[in-house]
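Below is one structure, written out as structure tokens; the observations come after it.
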Amino acid sequence: MKKSVFWGFAFSTVIANLSICVAASPPSSNPTPEKIEFFEKHVRPILVSHCYTCHSAATKPAGQLRLDERYGLINGGDSGPAIVPGDPANSLILKKVQDQDAKLRMPKDSPPLSESEIADLTAWIQDGAAWPAEKIPSSAQSKGQYYERLRARLWSLQPLANPQVPSVVDASWPSSDIDRFILAKLEEKKLAPVGDADRLTLIRRVTYDLTGLPPTPSEIAVFLKDKKADAYARLVERLLASPAFGERWGRLWLDVARYGESTGPSRNIPYPHAWKYRDYVIDAVNRDVPFNRFLQEQVAGDLLPVSSAEQRDRLLIATGFLALGPKDVNQRFKERFQMDNVDEQIDTVSRSALAMTVSCARCHDHKFDPIPAADYYALAGIFASTDNCAGVRSKMGGSGLEYYDPKMLVPLTSKVDAAPADQVTKAEGAVAAAKKEWEVIRDTAEGQAVGPDGKTKAGLLREKYEQAQIALLAVNDPGTRGFAVHGVRESANISDTAIRIRGEAERMGPVVPRGFLTAISVPDAPAIKPEHSGRLELAQWLTSEKNPLTPRVIVNRIWEHLFTQGIVSTVDNFGINGDHPTHPELLDYLARRFMAQGWSVKSMVRELALSRTYRLGSESTAQLREADPTNKMLWRHSPRRLDAEEIRDAILLTSGQLQPKPADGSPARVLKMIEMNDNGDEARAITQAADQARYRSVYLPLLRGVTPKSLEVFDPVGQTLVTGQRESTTVPTQALYLLNSSFVRKQSLALADRLVAEHESDAKRIRDAYQLTLNRPPTREEEARASGFIRQYEALFQTAPAPKNDPVPVIDASFSKKRDLVAQQSDEERLGHVFVDEKVEPAGAKDAAWMSFIQALYGSAEFRFVR
């Protein structure tokens, strides 16, 4: 094989040795576990695959450049630094891999890096170029000893304890055993909890937490008037029984399941049947399917016994959990395509159920956790023996429906009449003829000539070919006809798989038998039968009551959703780089109780929501903040910002525009499995459908790379990796969106029209506006201020040149200056050019004033935060 000057494909024997650890350099300042994980999973494999042959300690580094350690990357070689942490634009390595001149581009004499690889390098450099500092012993013996010590001391791998409920000094405060665990820690730290939340705060908090929606004024009034001792318990029961519970908590699991309706990466192919998995999740959560069964259905639903065709279809849909991940269909090599998909499945299952970063062992023994590469490939054998029936295949540079493989969908048991043979034959002949006609001309001068309409003849013939393919699918494809789903099934070739040296799909090492993680002791774990892939046994192993991780992980996820942060703050990482639990005894107590209650999520939510700890107020004191700044000891209830979906849904509900009925499928269901341009007609149509939709946000189309406008500025889930805890930021673009977006202005106008029509009194309108949006009555000062604002705005609207889309005026003493400023602005200046896609025109001064007032309430921090 020809060796390049800068990069290479083959490894030296030293680098190829699986037990040798790549030399590590001091990391960037305080790299987070997430950054280290990103490096190990996405960046180091790129460096190993393309750079180390010519630029590592195992060779004489070409150009005096070392790329196997951080100092070498930063100090650089003859041409200067290879990277500038935090500055991708000035990082030579990125310029080299993207050079338009093939003679200068790296890797030399090799295919260029893929778009996703370049994106990973860019993100890594932009984020500071994190590099792990820990160095793992290189010999097999010392690695074994190292892992043995890790297994013995890593808290999450130990069997569940059976802790005794602690006694407390203030025995009158707790209302449950949960509270006793919390109070015992507080008393140990000489801290005392704050007072209980008032009933108005409490109903708003629990209604949002359990349903993702605000309480209505009538619901608030009923609760406040109910003086019975069990009033709050009955409120919680009503919320648990609401269909909105499944929509809210189903969305939380979809975050973990990295749910998306397209493949993403370099070629974005729609998943038109993904919505069926979404509906399965919502239904399962509402029916309180025991979590162990819920997980088994998603990992091995096709292998579970059934009693009806309907039940069989439901379980086939459930396996979409394994199929709906991102995929690089532009991958040149089928073996790499398969192993990349296997890796994605391992990562999803291990992080969602076990909160362990098993995929870090793809290229080498895990650097931190006791997961050898052999364990990774024991799991890989299970998924390599499973057909990933997402309906796509890899084909570099494909076109039309060439990425679509209808045979790689899971047919449902519904009866489908076969298409007439003559129609199929005719359609197949049309496809073959159109393809030949296109291929004959596409590389010729005639094919490259542009016609009067701006299209080439080759382009027109390609469109004809694609239309012929679509016509064929309409005749004989069960997927197109709605009788197939994205899921998994047992492969025809069931076998163990080989360790891939340094993660290279083509570099085979020793074969390892299919199995589970040796770090987790599960007595009586089921043995994998030779004729089975092992998915059923894996599902049983994951949900065994003797597996200490799964119940801890799900209980911690439930806790995080109700208390803002988990007992283990790193909800997706229970490994060495994750945090330790703040209340380890409570975590194990809850895990045991969760299993004793039949793995019922609703039972656990009920118990936590009824605890006095959950019902604490959110106020704080300087002394408590100094003693425990992040509230780890739970001396108060931590406020949280609403999720993107909650903000949109709350605006729709309060404006009276929310459609409570679930969506019928998804707008993406009509898309063909053809590459989609994220800025093309299909994406615009989906975005428009999302903008016009009035159902709950969980039903919005979620194609990867095409985020609905009403969600994108409020930290929606990324859809690529397991996400147990979303980011929650407060940034200027959010304020600009609330100020200028046509969605917010439309809903503000809808509520304004409603208030003006229902009430003659401005005072009553103001009180209703506060009750609907902020779930409380206004203070006297707020009422007076709002009334003055309404009068001033009406005067402004009538005297100033009529602004059709005036931004929300500032409600303060400088109002007259604001009025003069607005009068001098053009319409475009008033719009601000931010998030405005269509004009919203109030009918007159009164509507304009009330619309702007309501928009100011929607834009307030109090609306966006739950205390």
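Select, from Met604, Met633, the only residue that is surrounded by fewer than 23 Cβ atoms within 10 Å (Cβ to Cβ) and part of a helix (DSSP H, G or I). I'd like the intermediate steps shown before the answer.
On the way: Met633 fails: part of a helix (DSSP H, G or I).
Met604 is the lone residue from the list that is surrounded by fewer than 23 Cβ atoms within 10 Å (Cβ to Cβ) and part of a helix (DSSP H, G or I).
When you check Val329 against the structure, is it over 20 Å from Asp120 (Cβ atoms) and outside any helix (DSSP H, G or I), yes or no? Here the answer is no, as Val329 does not meet what is asked.
Close Cβ contacts (under 7 Å, 6 or more residues apart or on different chains) running from residues in the range 338-362 that are at positive phi and in contact (Cβ under 8 Å) with a residue 60 or more places away in the chain to residues that are of a type in the set (Val, Ile, Thr) and surrounded by 23 or more Cβ atoms within 10 Å (Cβ to Cβ) comprise Ala355/Val553; Ala355/Val571.
Hey, among Asp209, Asp198, which residue is among the charged types (D, E, K, R) and surrounded by fewer than 16 Cβ atoms within 10 Å (Cβ to Cβ)? Full working, then the answer.
On the way: Asp209 fails: surrounded by fewer than 16 Cβ atoms within 10 Å (Cβ to Cβ).
Sole residue among the options that is among the charged types (D, E, K, R) and surrounded by fewer than 16 Cβ atoms within 10 Å (Cβ to Cβ): Asp198.
From the list Asp179, Asp226, Asp127, Asp120, the one residue that fits, being closer than 29 Å to Gly246 by Cβ, buried (at least 17 other Cβ atoms within 10 Å of the Cβ) and of a type in the set (Asp, Glu), is Asp179.
If only one of Leu473, Leu542, Leu536 is more than 27 Å from the chain's Cα centre (by Cα) and either crowded, with 19+ Cβ neighbours inside 10 Å or within 20 Å of Val722 (Cβ to Cβ) (or both), which one is it?
Working: Leu542 fails: more than 27 Å from the chain's Cα centre (by Cα); Leu536 fails: more than 27 Å from the chain's Cα centre (by Cα).
Testing whether each residue is more than 27 Å from the chain's Cα centre (by Cα) and either crowded, with 19+ Cβ neighbours inside 10 Å or within 20 Å of Val722 (Cβ to Cβ) (or both) leaves just Leu473.
Listed residues Ser728, Ser748, Ser742; which is touching a Lys or Arg at 6+ places or on another chain (Cβ under 7 Å) and in contact (Cβ under 8 Å) with a residue 24 or more places away in the chain? Steps first, please.
Numbers: Ser748 fails: touching a Lys or Arg at 6+ places or on another chain (Cβ under 7 Å); Ser742 fails: touching a Lys or Arg at 6+ places or on another chain (Cβ under 7 Å).
Going through Ser728, Ser748, Ser742 in turn, just one is touching a Lys or Arg at 6+ places or on another chain (Cβ under 7 Å) and in contact (Cβ under 8 Å) with a residue 24 or more places away in the chain: Ser728.
Put simply, of Thr413, Thr480 the only residue that is of a type in the set (Ser, Thr, Tyr), crowded, with 17+ Cβ neighbours inside 10 Å and either closer than 26 Å to Gln311 by Cα or out of contact with any Pro (no Cβ under 6 Å at 6 or more places or on another chain) (or both) is Thr480. Each residue in the range 661-701 was checked for being in contact with a helix residue (DSSP H, G or I) (Cβ under 8 Å, 6 or more places away or on another chain) and assigned to a loop (DSSP other than H, G, I, E, B), and 16 pass.
Can you pull out the residues in the range 718-756 that are modelled with pLDDT of 95 or more and in contact with a Leu (Cβ under 8 Å, 6 or more places away or on another chain)? Correct list: Val744, Gln747, Leu751.
Residues are listed down the side, and each one gets a yes or a no for (1) more than 20 Å from Arg362 (Cβ to Cβ); (2) out of contact with any helix residue (DSSP H, G or I) (no Cβ under 8 Å at 6 or more places or on another chain):
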| site | (1), (2) |
| --- | --- |
| Val289 | yes, no |
| Leu303 | yes, no |
| Ser308 | yes, yes |
| Gln311 | yes, yes |
| Arg314 | yes, no |
| Gln338 | no, no |
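Restricting the range 276-292 to residues that are assigned to a helix (DSSP H, G or I) and touching a Ser or Thr at 6+ places or on another chain (Cβ under 8 Å), which is surrounded by the fewest Cβ atoms within 10 Å (Cβ to Cβ)? Spell out how you get there, then give the answer.
First, pick out the residues of the range 276-292 that are assigned to a helix (DSSP H, G or I): 276-286, 291-292.
Going one step further and asking which of them are touching a Ser or Thr at 6+ places or on another chain (Cβ under 8 Å), we end up with 278, 291-292.
Working: Arg278: 25, Phe291: 26, Asn292: 22.
Per the criteria, the residue is Asn292.
Of the helices (runs of 4 or more DSSP H) contained entirely in the range 159-235, those carrying at least 3 residues that are under 17 Å from Pro639 (Cα atoms) fall at 199-211.
Do we have Gly515 as surrounded by fewer than 20 Cβ atoms within 10 Å (Cβ to Cβ), out of contact with any Cys (no Cβ under 8 Å at 6 or more places or on another chain), over 27 Å from Asp405 (Cα atoms) and in contact (Cβ under 8 Å) with a residue 24 or more places away in the chain here?
no
A search for C-beta distances below 6 Å between a residue of the range 839-855 that is in the same structural domain as Asp762 (by TED's automatic domain parsing) and under 17 Å from Glu783 (Cα atoms) and any residue that is buried (at least 24 other Cβ atoms within 10 Å of the Cβ) and of a type in the set (Phe, Trp, Tyr), counting only pairs 6+ apart in sequence or on different chains, returns Ala849/Tyr793; Ser852/Tyr793.
Being touching a Lys or Arg at 6+ places or on another chain (Cβ under 7 Å), surrounded by 19 or more Cβ atoms within 10 Å (Cβ to Cβ) and either among the charged types (D, E, K, R) or at pLDDT 95 or above (or both), is that true of even one residue in the range 612-622?
Start the filter on the range 612-622 by keeping residues that are touching a Lys or Arg at 6+ places or on another chain (Cβ under 7 Å), which leaves 616-620.
Going one step further and asking which of them are surrounded by 19 or more Cβ atoms within 10 Å (Cβ to Cβ), we end up with 616.
Retained after the next criterion (residues that are either among the charged types (D, E, K, R) or at pLDDT 95 or above (or both)): 616.
Among the residues of the range 612-622, at least one is touching a Lys or Arg at 6+ places or on another chain (Cβ under 7 Å), surrounded by 19 or more Cβ atoms within 10 Å (Cβ to Cβ) and either among the charged types (D, E, K, R) or at pLDDT 95 or above (or both), which makes the answer yes.
Of all residues in the range 637-692, those that are under 25 Å from Thr211 (Cβ atoms) and of a type in the set (S, T, N, Q) total 7. Within the range 324-335, residues that are of a type in the set (Lys, Arg) have Cβ atoms under 8 Å from residues that are outside any loop (DSSP other than H, G, I, E, B) in these pairs: Lys327/Phe337; Lys327/Asp340; Lys327/Asn341; Lys327/Glu344; Lys327/Val392, counting only partners at least 6 apart in sequence or on another chain.
The values are calculated or read from the model by the stated rules, or taken from the named source; none is laboratory data. Source: prediction; values computed, not measured. Don't worry about glycine lacking a Cβ; one is built from the backbone with ideal geometry, like all the others, and counts go over all protein chains shown.
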